[in-house]
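Structure first, then comments.
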Ligand SMILES: [Zn+2]
């Protein structure tokens, strides 16, 4: 698809509507139909075009626009509001044996007075239960299960998930139901779970026990921006209350939900009787390991919705279905050794090496033991017989030691005092970790404190070149390993000293590849200051904060010279981050690194800040004008309004004075509005403001 597809940019309204539709369609192709038509960069381009269009024409921004997925963070102390479910959100009874599934069938038939029901059998997704409300087709609310009667309102977090359509995709001629509650399971894909846990372990954190805990923890984070980074997914599996929908069967509902653009629970089967249902359950017992999500069983549900209603509820669960859970496969093996790995931050992670054993579809040789505390708690010794299982069928872990099989020759493991990679000193720390709201536990962790440890700079170089940072596409992990092994690269600044000859001396390095890499490195020198700041890996400074610093200070030189007082002036930068950045530029080693990068000719200016300066110089629409924003803006976010003012050469201030040119008043504007009237400052509405923008 080319960039020129769709209505022309001369008609912004039609163009924006087309872009919204295209983005929603690509989300559906990716998440529901699993046959994406475009690659990520192309998707990003559509998204950026829409965002730019909306910034220029705020009235084109609709509640179902994909740009509205990430909202603001909940403020400290603020919790999630609870809201009553329209229909109670109960669970189903669980069982591990076939006999009870048959008893369930007998009970159902008895209650339906002898009529034999059809059953819908589907995979049981191991995630966090949520309820989605759609009103006239628009996603308006998302709740956790809570106590079954009331759930927590996590709408803002669920909105960040691209697998949840903001508006139902209704086929031609089909009207949106006035209201419907869709129930489903938010889950974390296994691949994402592995990535997240590695990241947490690198920070010395423990990581989550399994993808379910990770999903449940993620949907309740306070910052939707952080939730978005967790790449959660959803499967819809039930309907709650609904109005104006002619749907008679559960299986029919699932088909409808899929058409609407929601991922529905996979591998469903309508079975004529309980024997067929049990056969379907058995079929999947050994096949389920192949998915990128956790399933812990299968759910059997009466298919007809009127029969479901007739069966009613017990005190805590619905009678129309039962969940059959598979037993996790546990196997015994021997711990041959406990090895230690060093991560990006220098944290040491012990892992057990087993006598290879076959479990849940693959041969298992290693399992992370996380840290010294976990080893002590489970009392795992080298030479022990242990029972292992795969968490979520994929990540092996030690369940327990078979103490009865000890011979007395087992060795107690102790974290080394010397780094296995650089032989440097290891520091052992006891860190307090939160277990839940009230409880904490002390975790023993170990770190290599040598800043020159190769294990650490490898990760740093990779991070420096990554996408959100300097984006040096041709510099993959394998190449970094080669460069480090040859001693050509120790830190990110060394990248810019690489020569063609050096590169060509590497194994399997062709001329074309070498030239491409050098070209990429050269191009990266022109990157905006914000990218360089993100790439430096300063504590607390990710992509967003790097932008804030870059735009405020304008140049690297100004940022390096900034005093602690200077940081007070930067909006969005708190004292902890300010101190960390201040300290960073005073660390001798980091200072030398930055000096070398500058000497290599990297751009040290903020291109955004310069665009603004140019706007002022050129007499932009708001050149020399000062704005005060007050009240609640409804057409755009406050930060966006501020950006629009600055981009046009204007300034914003927090208080009204005689020097104020305009007070932009939203809804419920208070004392600032009074002050403006008192001083005779011009007050404008959001519509007035929009008129000024063009
Ligand atoms: Zn080391």
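The values are calculated or read from the model by the stated rules, or taken from the named source; none is laboratory data. Only a predicted model underlies this, so the values are computations on that prediction, with no experimental measurement involved. A quick note on method: Cβ atoms are made from the backbone with ideal geometry, for glycine too, and the neighbour counts reach across all protein chains shown.
Looking at the range 271-298, which of the residues that are crowded, with 17+ Cβ neighbours inside 10 Å and over 28 Å from the mean Cα position of the chain (by Cα) is farthest from residue 231 (Cα to Cα)?
By that ranking, first place goes to 274.
A quick yes/no check of all residues on (1) surrounded by fewer than 20 Cβ atoms within 10 Å (Cβ to Cβ); (2) assigned to a strand (DSSP E or B):
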{"residue": "373", "(1), (2)": "yes, no"}
{"residue": "387", "(1), (2)": "yes, yes"}
{"residue": "390", "(1), (2)": "no, yes"}
{"residue": "398", "(1), (2)": "no, yes"}
{"residue": "407", "(1), (2)": "yes, no"}
{"residue": "423", "(1), (2)": "yes, no"}
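Has the range 61-72 got at least one residue that is touching a strand residue (DSSP E or B) at 6+ places or on another chain (Cβ under 8 Å) and at pLDDT below 90?
Taking the range 61-72 as the starting set, the residues that turn out to be touching a strand residue (DSSP E or B) at 6+ places or on another chain (Cβ under 8 Å) are 63-64.
Still in the running and at pLDDT below 90: 63-64.
Within the range 61-72, one or more residues are touching a strand residue (DSSP E or B) at 6+ places or on another chain (Cβ under 8 Å) and at pLDDT below 90.
How many residues does the range 425-460 contain that are away from the ligand (no atom under 12 Å from the Cβ), over 18 Å from residue 207 (Cβ atoms) and crowded, with 18+ Cβ neighbours inside 10 Å?
Number satisfying all stated conditions: 1.
Please specify each residue of the range 281-297 satisfying the condition of being in contact with a strand residue (DSSP E or B) (Cβ under 7 Å, 6 or more places away or on another chain) and closer than 12 Å to residue 267 by Cβ.
Across the range 281-297, the qualifying residues are 281, 284, 288, 293, 295.
Taking the stated definitions as given, is residue 364 under 32 Å from the mean Cα position of the chain (by Cα), within 30 Å of residue 248 (Cα to Cα) and in a strand (DSSP E or B)?
On the way: under 32 Å from the mean Cα position of the chain (by Cα): yes; within 30 Å of residue 248 (Cα to Cα): no; in a strand (DSSP E or B): yes.
The answer is no for residue 364.
Need the failing condition index for residue 98 against (1) in contact (Cβ under 8 Å) with a residue 40 or more places away in the chain; (2) surrounded by 14 or more Cβ atoms within 10 Å (Cβ to Cβ), just the number.
Of the numbered conditions (1) in contact (Cβ under 8 Å) with a residue 40 or more places away in the chain; (2) surrounded by 14 or more Cβ atoms within 10 Å (Cβ to Cβ), the odd one out for residue 98 is (2).
So, residue 241, is that one out of contact with any helix residue (DSSP H, G or I) (no Cβ under 9 Å at 6 or more places or on another chain), in a strand (DSSP E or B) and either surrounded by fewer than 15 Cβ atoms within 10 Å (Cβ to Cβ) or outside the structural domain of residue 93 (by TED's automatic domain parsing) (or both) or not?
Details: out of contact with any helix residue (DSSP H, G or I) (no Cβ under 9 Å at 6 or more places or on another chain): yes; in a strand (DSSP E or B): yes; either surrounded by fewer than 15 Cβ atoms within 10 Å (Cβ to Cβ) or outside the structural domain of residue 93 (by TED's automatic domain parsing) (or both): yes.
For residue 241, the condition - out of contact with any helix residue (DSSP H, G or I) (no Cβ under 9 Å at 6 or more places or on another chain), in a strand (DSSP E or B) and either surrounded by fewer than 15 Cβ atoms within 10 Å (Cβ to Cβ) or outside the structural domain of residue 93 (by TED's automatic domain parsing) (or both) - is met.
Of everything in the range 259-269 that's surrounded by fewer than 17 Cβ atoms within 10 Å (Cβ to Cβ) and on the phi < 0 side of the Ramachandran plot, which residue is nearest to the chain's Cα centre (by Cα)? Can you show your working first?
Residues of the range 259-269 surrounded by fewer than 17 Cβ atoms within 10 Å (Cβ to Cβ): 259, 266-267.
Remaining after also requiring on the phi < 0 side of the Ramachandran plot: 259, 266.
Values: 259: 26, 266: 23 Å.
If we take residues in the range 259-269 being surrounded by fewer than 17 Cβ atoms within 10 Å (Cβ to Cβ) and on the phi < 0 side of the Ramachandran plot, then 266 is nearest to the chain's Cα centre (by Cα).
Do you know which of the residues in the range 396-431 that are modelled with pLDDT under 90 and touching a helix residue (DSSP H, G or I) at 6+ places or on another chain (Cβ under 7 Å) is nearest to residue 340 (Cα to Cα)?
421
Is at least one residue of the range 412-419 under 33 Å from the mean Cα position of the chain (by Cα), in contact (Cβ under 8 Å) with a residue 12 or more places away in the chain and within 16 Å of the ligand (Cβ to nearest atom)?
In the first step, residues of the range 412-419 are kept if they are under 33 Å from the mean Cα position of the chain (by Cα); the result is 415, 419.
From what is left, the residues that are in contact (Cβ under 8 Å) with a residue 12 or more places away in the chain are 415, 419.
Among the residues that remain, those that are also within 16 Å of the ligand (Cβ to nearest atom) are: 415, 419.
Scanning the range 412-419, I find at least one residue that is under 33 Å from the mean Cα position of the chain (by Cα), in contact (Cβ under 8 Å) with a residue 12 or more places away in the chain and within 16 Å of the ligand (Cβ to nearest atom), so the answer is yes.
Do we have any residue at all in the range 384-394 that's touching a helix residue (DSSP H, G or I) at 6+ places or on another chain (Cβ under 6 Å), away from the ligand (no atom under 16 Å from the Cβ) and either closer than 30 Å to residue 485 by Cα or modelled with pLDDT of 95 or more (or both)?
Looking only at the range 384-394, we keep the residues that are touching a helix residue (DSSP H, G or I) at 6+ places or on another chain (Cβ under 6 Å), and these are 385, 392-394.
Filter again for away from the ligand (no atom under 16 Å from the Cβ), leaving 385, 392-394.
From what is left, the residues that are either closer than 30 Å to residue 485 by Cα or modelled with pLDDT of 95 or more (or both) are 385.
Yes, the range 384-394 has at least one match.
Could you grab me the full set of residues in the range 646-694 that are over 24 Å from residue 60 (Cα atoms), surrounded by 13 or more Cβ atoms within 10 Å (Cβ to Cβ) and out of contact with any strand residue (DSSP E or B) (no Cβ under 6 Å at 6 or more places or on another chain)?
Of everything in the range 646-694, those that are over 24 Å from residue 60 (Cα atoms), surrounded by 13 or more Cβ atoms within 10 Å (Cβ to Cβ) and out of contact with any strand residue (DSSP E or B) (no Cβ under 6 Å at 6 or more places or on another chain) turn out to be 675, 679.
Quick check: anything in the range 18-28 modelled with pLDDT under 85 and farther than 21 Å from residue 468 by Cα? Full working, then the answer.
Applying the first criterion (modelled with pLDDT under 85) to the range 18-28 yields none.
No, the conditions are met nowhere in the range 18-28.
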